[in-house]
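Before any comments, here is the structure.
The values are calculated or read from the model by the stated rules, or taken from the named source; none is laboratory data. The structure displayed is predicted, hence computed values, not measured ones. Because the Cβ atoms are built from the backbone with ideal geometry, glycine has one as well, and the counts that use them run over all protein chains shown. For accessibility, only protein heavy atoms count, side chains too; no ligands or nucleic acids. Shrake-Rupley method; radii C 1.70, N 1.55, O 1.52, S 1.80 Å.
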Amino acid sequence: MVVIILLKLYDMKKMIFLIFVAMNGFCLNAQDPSGTPPQTPGARPQQAKDLLIPLRTNNISLVYRVNGRDGRLYQAYLGAALDNTDILAQTRDAGHPAYATFGTDNLFEPAVRATHNDGNPSLELNYVSHEIENIRPDVNLTRIYLKDPAYPFIVTLFTKTYATEDVIEQWTEIKHDEKKPVTIFNYASSMLHFDAEKYWLTQFHGDWAEEMKMTESELTAGIKILDTKLGTRAHMYQTPVFMLSLDEKADEENGKVLAGTLGWSGNFRFLFEVDEKGSLRIISGINPFASEYSLDPGKVFRTPSMIFTYSDKGMGQTSRNLHHWAMKYGILDGTGTRYTLLNNWEATGFNFDEKKLTSILDDTKKMRLDVFLLDDGWFANKYPRNNDRAGLGDWQENRAKLPDGLGYLVKEADARGVKFGIWIEPEMVNPKSELYETHPDWILKLPNRPEHYFRNQLVLDLTNPKVQDFVYNVVDGMLTVNPGIAFIKWDCNRMMTNAYSPFLKDKQSHLYIDYVNSLYGILGKLRQKYPHLPVMLCSGGGGRVDYGALKYFTEFWASDNTDGLERIYIQWGYSYFFPAIAVCNHVTSWGKQSLKFRTDVAMMGKMGYDIEVDKMTDNELKFSQDAVRNYNRIKDIIYTGDLYRLVSPYKENRAVLMYVNRDKTRAVLFGYTLNSRYGETMNKVRLRGLDPLKTYKIQEINVSNEGRRGPGMGFGMTENGRTYTGNYLMNVGLNVGTGSPLSSTVYEITE
Ligand code: DGJ
């Protein structure tokens, strides 16, 4: 039976009447159909029928149940889309707690834990009401209101369903109206449950220059945690992403997979707990470690977004879902285009002057790149930034290196028809700086302990509004004086150690959380004034990569490791969660592979260069100019196309990937031979994502002008010039790769 219930939201200043449809005629409290929570401490809702709250994307169902017997909210189902959820209403098993509390009867890890203002350490949450708001034709936002029956403590669960992309975003808001502050100890963004035969978790971990290494392991009874406690540069060892295969190990095309990522640029935690019955709960959110939060009455504590997708068609589909979502909703200007860059960090380090930079502007033009990006070393005078031991925090042009200021470089760039970009690291300070001397109280450092440095620097206390203004003004001041600056690289080169905030005083356990929210505040304010300026997110390589930050950034620096071979693995890892348009790949002189190999690898994303162009041979220069031209022709396929990972470098001596545009008329395939053994055969690779009925022409591009036997070309058979149907390419395949280690092939595939 379909019943329409009129709800009055008790928690709103104005009365808002909402209509929602409850499939089972659920009524929480017979006396109060408004859903107003009982006000008498300890009062229980009367026995009522269960209420199902079914949420959907095109291919995923997430169903919550309000259990009529106890008034609590449960997850009744999460998985492939259900045509009909009625059957769930008939089962007696309520499901798993949707947002488990601590202190009463929960025996496992809670999603939320609090001590009330009277010292009561227990929390109960009962369903109050819910509402579903249609935000766009294919996006719904569901708010489920929960309340402690004995205390004015309220949790709102938010679930945003993106039907077309098959992505779900969840977060929560916690607030109370108790007389004094309440301490919250756990505050998950999302709690999900599965009941499967087995669980296979893939994590993505590493260190500086070895980001996103993939490791898959089986979850067994007990708890497995993926987390970070680094504060800033928080994802240096562990990126806030995971994949989970259910029942059996999944591959690219087969298997049930959940892919999740937390949009939070600080300490995160994913907790996987398998209980005695083999059920799995996944609790995702800010890492509660050393971060109990004292919440004032009336204040809202909002948790970051947990973003996830599910597919029963393997990992490839979950990646494409996340890519589609990210381009539309997750990354600043995710459907726009991107600049190609020439960066000077690898080529010059700190050692440059105006003349050198002007010559690099010439190189930018010669290479037909869009932007010259001036990296670290351009600022500070009392303690010049000539190495990483001094000057950080003093954001005035260094007069010896840049006597005519940044304005001169902007003008010179303009005269050459290229754009000018600049590096900053505004959250940090060297002890050898004027900023340190003038504002020692703006720095995170422990009293009674020695300062502890990493890359000779300390972190500024972003929780302090004066420091927030300083950071904002560093960026805004520079852009106001030099409105021609067209690109920024925002770096962050250390984690927090010996950290203590002079501003937070007795609330030190707020530091990790308040730091990130303050950073977002600054970025948000900058984005109001500069909504579309391209900014690269960097953190000593890929030390801070997440969708919390990417709302403010157009792209990210994946790693300082630009060795072509290493990059295949690093980029492969990122590709599970982040679309190619956001991943900055530069051709540098790291790695022993040919220029062609390194160029081909850099093309699988947002290509740039960080290389001494003036040291290139004529052949290398010509090859690179042609490659940039090729890239500009095909980059829309790489940016917005669908990614198919065809051969994994973790499984074979090859890596093969392809991108296909949405109407399946154009594709690009990248193939790499990483190594080869005596007698090893390289099987044909079956392509994916094409239209079987279309006929495609294969054209090999980025062919080294040293001929097919030039460095990195190998001795394989080229498919150049051949024509095949999509049906043939997807069922029989193409020859990709040669017997020659570290060789590569790029095919442009056109209908
Ligand atoms: C770390 C970044 O990852 C590098 O690309 C470079 O910008 C240096 N910092 C500069 O200090």
Tell me, what % of the accessible area of the stretch 643-750 is carbon and sulfur with a 1.4 angstrom probe? 47 percent
Here the gain from full extension of ASN619 to LYS179, 0.36 nm per residue of separation minus their alpha-carbon distance, amounts to 150.9 nm
Rounded Å value of the spacing that divides the Cα centres of the stretch 72-86 and the stretch 145-196: 18 Å
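Once R0 is set to 41 Å, what does the formula 1/(1 + (r/R0)^6) return for the Cβ-Cβ distance between LYS684 and ILE225, expressed as a FRET efficiency to the nearest 0.05? Walk me through the numbers before you get to the answer.
On the way: r = 42 Å, r/R0 = 1.04.
That pair, LYS684 with ILE225, gives E of 0.45.
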Just name one of THR599, TYR530, THR718: the one whose Cα is farthest towards the positive end of the charge dipole of the chain (beta-carbon charges, Lys/Arg +1, Asp/Glu -1). THR718
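Figure the gain on full extension for SER217 and THR104 (residue separation times 0.36 nm, minus the Cα-Cα span) and round it to one decimal in nm.
On the way: separation 113, 0.36 × 113 = 40.68 nm, distance 3.30 nm.
My answer for the length gained is 37.4 nm.
With every protein chain kept in the model, how would you rank LYS419, LYS355, LYS489 by accessible area, 1.4 Å probe, largest at the top? Present the calculation step by step, with values, prior to reporting the outcome.
Details: LYS419 85, LYS355 165, LYS489 10 Å².
Accessible-area ranking of LYS419, LYS355, LYS489, largest first: LYS355, LYS419, LYS489.
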Roughly what would the spin-label model give for LYS505 and ARG722, points 7 Å off Cα along C-beta, in nm? 7.5 nm
Only Lys, Arg (+1) and Asp, Glu (-1) charged, at Cβ; the chain dipole about Cα centre in debye: 820 debye
Magnitude of the Cβ-charge dipole of the stretch 341-641, K/R +1 and D/E -1, about the Cα centre, nearest 20 debye? 360 debye
Accessible solvent surface per residue of the chain, calculated while the other protein chains remain in place, 1.4 angstrom probe, Å²: 38 Å²
Over the stretch 12-315, relative contact order from alpha-carbon pairs under 8 Å, at least 6 apart, %: 15 percent
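So how many Lys-Lys pairs in the stretch 377-518 land under 15 Å Cα to Cα, not counting same-chain pairs under 8 apart? Intermediate values should be presented prior to the final figure.
Working: LYS382/LYS401; LYS382/LYS432; LYS411/LYS419; LYS419/LYS489; LYS445/LYS505; LYS445/LYS507.
Going through the stretch 377-518 pair by pair, I get 6.
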Heavy atoms of TYR453 accessible to a 1.4 Å probe, total area in Å² rounded to 10: 100 Å²
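Taking 0.36 nm per residue of sequence separation and subtracting the Cα-Cα distance, how much length would be gained by fully extending the chain between LYS277 and ASN498, in nm to one decimal?
Numbers: separation 221, 0.36 × 221 = 79.56 nm, distance 4.21 nm.
The LYS277-ASN498 span can extend by a further 75.3 nm.
If you average the sequence gap of Cα pairs under 8 Å that are 6 or more apart and divide by the length of the stretch 341-641, what percent do you get for the contact order?
Details: 536 pairs, mean separation 48.9, N = 301.
It comes to 16 percent, rounded to a whole number.
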Below 15 Å, Cα to Cα, which aspartates and glutamates can LYS366 reach? Residues fewer than 8 away in the same chain don't count. GLU412, ASP414, ASP610, GLU612, ASP614, ASP618, GLU620, ASP626
Looking only at lysines whose Cα falls under 25 Å of LYS49's and that sit 8 or more positions away or on another chain, we get LYS8, LYS147
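Which value, in nm² and rounded to one decimal, describes the direction-averaged projected area of the C-alpha convex hull of the stretch 12-315? Don't jump to the answer; show the numbers that get you there.
On the way: hull surface 65.1 nm².
One quarter of the hull surface, i.e. the mean projection, equals 16.3 nm².
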Under the Karplus relation 6.51 cos²θ - 1.76 cosθ + 1.60, θ = phi - 60°, what is the ordered set of whole-Hz ³J(HN,Hα) values for the stretch 88-94, x standing for Gly and Pro? 5, 5, 8, 6, 7, 6, 5
Keeping all protein chains in the complex and leaving out DNA, RNA and ligands, what accessible area do you get for ASP414 with a 1.4 Å probe, in Å² to the nearest 10? 120 Å²
In the chain, which helices (entire DSSP H runs) extend 30 Å or more along their own long axis, judged by Cα positions, while averaging at least 0.5 on the Kyte-Doolittle scale? none
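Test of the criteria: in the stretch 559-657, which chymotrypsin sites (Phe, Trp or Tyr not before Pro) are in a DSSP loop and have at most 16 other Cβ atoms within 10 angstrom of their Cβ? Don't jump to the answer; show the numbers that get you there.
On the way: sites: TYR569, TRP572, TYR574, TYR576, PHE577, TRP590, PHE597, TYR609, PHE623, TYR631, TYR639, TYR644, TYR650; in loops: TYR576, PHE577, TRP590, TYR650.
Listed in order of number, the matching sites are TYR650.
Pick out, in residue order, every one of the trypsin sites (Lys or Arg not before Pro) in the stretch 162-214 that is DSSP loop and has at most 14 other C-beta atoms within 10 Å; say none if there are none. Mind showing how you got there, number by number?
On the way: sites: LYS175, LYS179, LYS198, LYS213; in loops: LYS179, LYS198.
Answer in residue order: LYS179.
Order of 116-125, 490-499 by packing, highest average Cβ count within 10 Å first? Numbers along the way, then the final one.
Numbers: 116-125: 17.0, 490-499: 20.9.
Result, highest mean Cβ count within 10 Å first: 490-499, 116-125.
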Contact order normalised by length for the chain, with contacts defined as Cα pairs under 8 Å and 6 or more residues apart; what percent is it? 9 percent
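So which trypsin sites (Lys or Arg not before Pro) in the stretch 587-673 are both in a DSSP loop and have at most 15 other Cβ atoms within 10 Å of their Cβ? If you can, show how the numbers build up before the last one.
Working: sites: LYS592, LYS596, ARG598, LYS606, LYS615, LYS622, ARG629, ARG633, LYS635, ARG645, LYS651, ARG654, ARG662, LYS664, ARG666; in loops: LYS592, LYS651, ARG662, LYS664.
In loop regions of the stretch 587-673 (DSSP not H, G, I, E or B), the sparsely surrounded trypsin sites (Lys or Arg not before Pro) are LYS592, LYS651, ARG662.
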Close lysine pairs (the stretch 643-750; alpha-carbon distance under 19 Å; 8 or more apart or on separate chains) counted at 4
The stretch 540-584 and the stretch 274-293 have their Cα centres apart by a whole-number Å value of 27 Å
